[in-house]
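Asks: Pasting in a structure now, in structure tokens, and then I'll have a few things to ask.
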Amino acid sequence: MTLEDFTEFSADDDDAAADDPTADGTTVDDPAVSDAATDGVASDDPAEQADSVETESPSGSGAFERYAVEAAGEDDGLGVISVSQGLRVAEDAEETTLRAFVTTGNRDSVRLGKYLIVPYPDGERLFCRITGLEYAQEFRSDDATEIHARRQMRRDEFSERDYKFVAELEPMSVVYDDGDGGDDSKRRMTDRVPKPGAVVEEAADAAEIKTGLKIPADGVFLGHLSVGGETVTTAASPPTVDYRLNDDDENGDPLVFRHTLVAGGTGSGKTHASKNVLRQYLDADRTYEMDDGRAVRMAVVQFDPQDEYAQMHDDNPEIDDDYARRFEREGIAHGGHDDTVALVPTTPTATYPGEGHRAERVAFTIPFSIVRDRPWLVAGSSLNDNQYAGLVTLLKRFFRDYGDDGTYDQFVTSLDDPALKEELHESGRVHEATFDAVKRRVRAVPGGVFDGDARPITELDHTLVRPGGLTVIPTYHLPTSRQKEMFVLAVSSYLIDDKLSNDPTSDRIKETPLTIGMDEAHNFLADADTVQARKVIGKFTEAAKQGRKERLGLFLITQDPQDIAESVFKQINTKIVLNLGDEDAIASVNIPTELAGKVPYMETGQMVVYSPDNSEPVELSGLPRCLTRHGS
């Protein structure tokens with residue numbers, strides 16, 4: 001509110017002023033009056049007021065002369081630390097009071113979540129984040145009145161100087177130099193309070209921001225730091241702040257082996273983001289140390305329900321030379337990955353078109369012998385515990401008689417033998433009703449899953465797992481969901497069992513760092529009270545627990561994170577969350593409240609990363625263009 005809001009005048013005063021333009025009888029033609037009227041108007045610009053001093057003319061004419069006065073120094077920063085409502089740093093965040101007054105010229109640029117620096121006198125810096133913004137009255141007045149409201153409605157501009165603008169800050173860490181004369185900085189927990197009146201500055205140094213947020217300097221690129229959907233920029237080149245996931249054995253276990261979840265709704269950009277992350281793991285310069293001291297490149301096996309990931313073989317035509325140079329400057333692996341193979345499940349009734357990529361294609365089938373150690377593959381979801389025990393008994397007897405060459409058709413035929421049924425019933429090993437239930441369930445297995453006209457997956461281990469290679473297993477061409485489920489579970493369990501085994505059937509699988517990617521993971525890892533579900537979830541839970549030791553990482557992609565079994569979910573360290581509209585889905589990923597509130601409003605490619613062993617929770621902007629081919 002300004003002074004004119006309190007000026008009182010009447011129509012009589014206005015008329016009198018029109019008849020007598022001066023109060024002392026001087027006419028408006030008098031140059032003294034004219035100069036006085038001109039010089040006596042106060043400027044609304046505080047800088048203009050500070051830069052001039054008015055004194056009465058020595059001639060006694062009543063006019064004022066203007067002398068130029070320049071203010072010393074320049075305004076740096078966004079504002080200063082305020083103590084008017086308390087200044088306190090405490091171990092309990094709720095007892096911390098840290099507020100900054102923001103000057104008028106900086107208010108339009110201030111946003112919730114913006115990162116700030118508050119220097120201490122000794123050179124250390126408090127790294128903090130804006131958590132609240134508030135206007136407060138500069139002068140004690142009642143602005144909830146009819147007169148004030150109508151005057152404001154007739155104005156075109158808002159007078160910032162009439163109000164205080166205060167930012168509430170959350171202290172995140174203290175950044176300090178390591179003291180050895182180098183350029184590296186370190187961070188520690190907030191253990192000191194800034195001085196009243198300390199200048200608050202926008203964090204503008206990329207290295208300092210990464211230190212304040214505990215973001216590794218090197219590692220797997222995920223995106224660029226952002227606040228409220230706007231990419232954080234600095235004065236450096238490039239101006240963005242890259243976010244990296246720790247991938248170094250010297251700084252703890254590479255987080256790829258602590259497992260990753262990518263969650264996002266349809267159209268959120270989760271496949272685009274997943275391709276970009278997987279492309280980094282396949283970089284030719286990225287290796288992982290094994291127990292025997294060998295440095296080996298990562299192998300990625302990606303289960304693909306929509307036939308999208310084989311496109312990673314091809315370059316993205318939208319990436320021109322300028323874009324490519326930008327990626328190279330930032331150390332981002334890009335371009336099609338030549339060592340990409342589409343390992344295609346075959347059935348008599350399914351044909352794989354594979355029109356969206358130029359990757360090599362290799363057909364495979366599931367040998368029935370794989371069921372010997374995985375009876376749950378043919379159990380489905382309808383067998384109870386007694387029936388499952390009966391199935392195990394029948395399979396053991398079958399493989400004892402037929403060996404590993406026994407086929408699914410031979411097993412089904414063996415169940416038609418009435419003598420077998422009678423023998424098992426009379427011996428008390430399998431009740432006849434249980435025998436019939438198992439027989440019905442086994443016959444319900446979709447045709448063509450086992451023993452098809454292609455090489456068995458167990459003979460293609462060197463194709464399935466290749467150091468530095470990407471193997472994509474598409475399933476969208478399979479006609480039934482049961483077929484898709486059986487192929488995915490058969491291959492993934494084969495990989496996990498050999499990776500965790502002390503006596504593996506494939507040394508290639510055992511001795512190669514491996515990431516298992518699973519899109520639409522909620523379809524395969526949902527918790528349920530059935531024998532098959534318990535077996536599957538138990539296997540993946542064990543894989544997640546042993547991942548660091550065995551160099552095995554799970555990379556789960558889903559739009560329904562709430563459906564993934566809790567025992568698996570608890571083992572996931574890194575969560576990449578894109579737009580989700582479902583409240584249950586958002587709650588299930590268990591990210592900090594201040595970031596969870598942003599999730600429903602994020603645009604395509606925006607994401608929240610919550611990786612406690614890597615950094616503070618942050619918001620990122622993904623790359624606008626996919627690093628490999630994506631889409632039609």
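The values are calculated or read from the model by the stated rules, or taken from the named source; none is laboratory data. Given the structure is predicted, the values throughout are model-derived calculations rather than measurements. Backbone-built Cβ (ideal geometry, glycine too); neighbour counts: all protein chains shown. Each accessible area value is taken on the protein alone, full model and side chains, heavy atoms only, with ligands, DNA and RNA left out. Shrake-Rupley method; radii C 1.70, N 1.55, O 1.52, S 1.80 Å.
Asks: When the expected Rg is taken as 2.2 N^0.38 Å, what fraction or multiple of it is the alpha-carbon Rg of the range 489-611?
Replies: It is 1.15.
Asks: At a 1.4 Å probe radius, carbon and sulfur cover how many percent of the accessible area of the range 79-213?
Replies: Details: 3620 of 7880 Å².
Answer for the range 79-213 is 46 percent, counting heavy atoms of protein chains only.
Asks: What residue among G123, G390, Y323 has its Cα farthest toward the positive end of the dipole of the chain, where the charges are +1 on Lys, Arg and -1 on Asp, Glu, each on the Cβ?
Replies: Of the options given, the answer is G390.
Asks: While we're here: Find the accessible area per residue for the chain; the probe is 1.4 Å, ligands and nucleic acids are left out, and the unit is Å².
Replies: Per-residue accessible area for the chain comes out at 50 Å².
Asks: Could you please put D322, D291 in sequence from largest to smallest accessible area, using a 1.4 Å probe? Before the final figure, lay out each step's value.
Replies: On the way: D322 95, D291 150 Å².
So the residues, ranked largest to smallest area, are D291, D322.
Asks: Can you compute the charge dipole magnitude of the range 79-213 about its Cα centre, using +1 on each Lys and Arg Cβ and -1 on each Asp and Glu Cβ, nothing else charged? Give it in debye, rounded to the nearest 20. Provide the component values of the computation, followed by the final result.
Replies: Working: 20 positive and 28 negative charges, 106 e Å.
Charge dipole, the range 79-213, about its Cα centre: 520 debye, nearest 20.
Asks: Taking a probe of 1.4 angstrom, what is the accessible area of L525 in Å², to the nearest 10?
Replies: Number for this one is 0 Å².
Asks: Quick check: with the 1.4 Å probe, what order do H425, H431 take by accessible area, largest first? Write down the numbers at each step before the final one.
Replies: On the way: H425 70, H431 100 Å².
Largest accessible area first, the residues go H431, H425.
Asks: Where the centre of each part is set by its Cα atoms, how far does the range 274-335 sit from the range 202-236, in angstrom?
Replies: Each part reduced to its Cα centre gives a spacing of 22 Å.
Asks: For the pair E594 and Q152, what calculated FRET efficiency results from E = 1/(1 + (r/R0)^6), where r is the Cβ-Cβ distance and R0 = 30 Å, to the nearest 0.05?
Replies: The pair Q152/E594 has a calculated efficiency of 0.40.
Asks: Using a 1.4 Å probe over the heavy atoms of the protein chains, calculate the carbon and sulfur portion of the accessible area of the range 381-444 as a whole percent.
Replies: 43 percent
Asks: Further question on the same structure: At a 10 angstrom cut-off on C-beta neighbours, averaged per residue, how do the peptides 447-459, 79-91, 260-272 rank from highest to lowest?
Replies: Values: 447-459: 17.4, 79-91: 14.6, 260-272: 21.8.
Per-residue Cβ counts within 10 Å, averaged per peptide and sorted highest first, yield 260-272, 447-459, 79-91.
Asks: Over the alpha-carbon set of the range 381-444, work out the extent along each principal axis and list the three values in angstrom, largest first.
Replies: 28, 27, 17
Asks: Additional query: Where does helix 531-550 land angle-wise versus the long Cα axis of the chain, in degrees 0 to 90, nearest 10?
Replies: Tilt relative to the chain: about 70 degrees.
Asks: Rank these residues by their accessible area, most exposed first, probe 1.4 Å: K510, K210.
Replies: In descending accessible area the options line up as K510, K210.
Asks: Another one. Is the shape of the range 79-213 rounded, prolate or oblate, going by the alpha carbon gyration tensor and its root eigenvalues a ≥ b ≥ c, with a/c under 1.5 for rounded and a/b larger than b/c for prolate?
Replies: prolate
Asks: How many nm separate the modelled label positions at L133 and N384, each set 7 Å beyond the Cα in the direction of the Cβ?
Replies: So the two model labels end up 6.2 nm from each other.
Asks: Oh, and also: How far, in degrees from 0 to 90, does helix 481-500 lean away from the longest principal axis of the Cα atoms of the chain, to the nearest 10?
Replies: Taking the Cα atoms of the chain, the angle to 481-500 is about 90 degrees.
Asks: With charges set only on the Cβ (+1 for Lys and Arg, -1 for Asp and Glu), what does the dipole of the range 477-608 come to about its Cα centre, in debye to the nearest 20?
Replies: So the dipole magnitude of the range 477-608 works out to roughly 500 debye.
Asks: While we're on this one: Can you work out ³J(HN,Hα) from phi for every residue in the range 120-130, in order, using Karplus 6.51 cos²θ - 1.76 cosθ + 1.60 and θ = phi - 60°, giving whole Hz and x for Gly and Pro?
Replies: The phi angles translate into 9, x, 8, x, 6, 10, 8, 9, 9, 9, 6 Hz.
Asks: Give the lysines reachable from K570 as a straight Cα distance under 16 Å; neighbours fewer than 8 places away on the same chain don't count.
Replies: Result set, ordered by chain and number: K539, K545.
Asks: On a 32 Å Cα-Cα criterion, which of the cross-link pairs K210/K510; K421/K535; K214/K275 come out too long?
Replies: Pairs exceeding the cut-off: K210/K510.
Asks: Next question. What figure in square angstrom, to the nearest 10, would you give for the accessible area of L420 with a 1.4 Å probe?
Replies: Surface open to solvent at L420 totals about 20 Å².
Asks: Let me ask something additional. Using only the alpha carbons of the range 563-626, determine the length spanned along each of the three principal axes and report them from longest to shortest in whole angstroms.
Replies: If we take the Cα atoms of the range 563-626, the spans are 34, 27, 25 Å.
Asks: Please give the solvent-accessible surface of Y288 in Å², to the nearest 10, using a probe radius of 1.4 Å with every protein chain present.
Replies: Ignoring ligands and nucleic acids, Y288 comes out at about 0 Å².
Asks: Kindly provide the pair-distance distribution of the chain built from C-alpha pairs, with 10 Å bins from 0 and whole-percent values in order of increasing distance.
Replies: Taking all Cα pairs of the chain, the binned fractions are 3, 13, 19, 18, 14, 10, 8, 6, 4, 3, 1, 1, 0, 0 percent.
Asks: Over the chain, what is the percentage of antiparallel beta bridges among all DSSP beta bridges, to the nearest 5?
Replies: 65 percent
Asks: Right, next: Along the positive direction of the dipole of the chain (beta-carbon charges: Lys, Arg +1; Asp, Glu -1; about the Cα centre), which of L424, S481, Y309 reaches farthest?
Replies: L424
Asks: Need the C-alpha centroid separation for the range 494-547 versus the range 82-103, integer Å.
Replies: 49 Å
Asks: On to the next question. I need the shape label for the range 160-248. Rule: rounded when a/c is under 1.5, else prolate if a/b > b/c, else oblate, with a, b, c from the alpha carbon gyration tensor.
Replies: Verdict is oblate for the range 160-248.
Asks: Give me the dipole magnitude in Debye, nearest 20, for the chain about the Cα centre, with unit charges on the beta carbon: positive for Lys and Arg, negative for Asp and Glu.
Replies: 5280 debye
Asks: Further question: With just the Cα atoms defining each centre, how far is the range 555-632 from the range 124-153? Give it in Å.
Replies: Here the two parts' Cα centres lie 35 Å apart.
Asks: I would also like to ask the following. For the chain, what is the mean residue ellipticity at 222 nm derived from helices alone (per DSSP H run of n ≥ 4: -39500 (n - 2.57); sum divided by total residues; nearest 500 deg cm²/dmol)? Display every interim value, and only then the final one.
Replies: On the way: 19 runs with 173 residues, N = 632.
That comes out to -8000 deg cm²/dmol.
Asks: While we're looking at this one, here's another question. How tilted is helix 270-281 with respect to the longest principal axis of the chain? Cα atoms for both, answer in degrees (0 to 90, nearest 10).
Replies: Approximately 80 degrees, to the nearest 10.
Asks: Just going by the charge dipole of the chain, with Lys and Arg at +1 and Asp and Glu at -1 on Cβ, which of Q606, I572, V442 is farthest out on the positive end?
Replies: Positive-most Cα among the choices belongs to V442.
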